[in-house]
Amino acid sequence: MKVTDVDSSDDKSYDKASQALGKTITMKFYDNSVTLTFQGDKTPINLKKYSETQYRRIEKNPHSEFVMTLDIKTTFGVISSIEYLVEVNPNSTSGNNKWGKMTAKRF
């Protein structure tokens, strides 16, 4: 899969997400999880199965919660594209939620 589109809630997140444009995402599926590796990155991202076409990972720290979601789009049982969404939800009520989304398609 190759990253073809990015979107974000703010300019700083968009700049960071846009660095992935054109990069290849490698996916390895297991029974109840998937591992994503972005081209050029050495650290894979592990997500647990949430539903039939969705995988998710939630990380919490004292200041915020990170929610990573992978949605898989299929056509006739074949993966045609994926959407990878990262949301940052501050623990305080004064903070704004931020998000970044990448879309990747088969090439």
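Quick notes
- Calculated mean residue ellipticity at 222 nm for the chain: -2000 deg cm²/dmol, from DSSP H runs with n ≥ 4 weighted as -39500 (n - 2.57), summed, divided by the residue count and rounded to 500.
- If you take all other residues with their beta carbon under 11 Å from the beta carbon of residue 5, and give Lys and Arg +1 and Asp and Glu -1, the sum is +1.
- For the stretch 24-93, the list of trypsin sites (Lys or Arg not before Pro) that fall in a loop by DSSP and count at most 14 other C-beta atoms within 10 angstrom reads 42.
- Among 66, 107, the sequence by solvent-accessible area, most first, with a 1.4 Å probe is 107, 66.
- Cα lying deepest toward the dipole's positive end in the chain, options 13, 61, 35, charges on Cβ: 35
- Note on the chain: Cα-only Rg and Dmax are 14.1, 45 Å.
- Rounded to the nearest 20 debye, the dipole magnitude of the chain is 340 debye, with +1 charges on Lys and Arg beta carbons, -1 on Asp and Glu beta carbons, and the Cα centre as origin.
- Solvent-accessible heavy-atom area per residue, rounded to whole Å², over the chain at 1.4 Å: 67 Å²
- Ligands, DNA and RNA left out, the 1.4 Å accessible surface of the chain is 48% carbon and sulfur atoms.
The values are calculated or read from the model by the stated rules, or taken from the named source; none is laboratory data. All values reported here derive from a predicted model rather than from experimental measurement. Reconstructed Cβ throughout: ideal geometry from the backbone, glycine too, with neighbour counts over all protein chains shown. Ligands, DNA and RNA are excluded from the accessible area calculation, which covers all protein heavy atoms including side chains. Shrake-Rupley method; radii C 1.70, N 1.55, O 1.52, S 1.80 Å.
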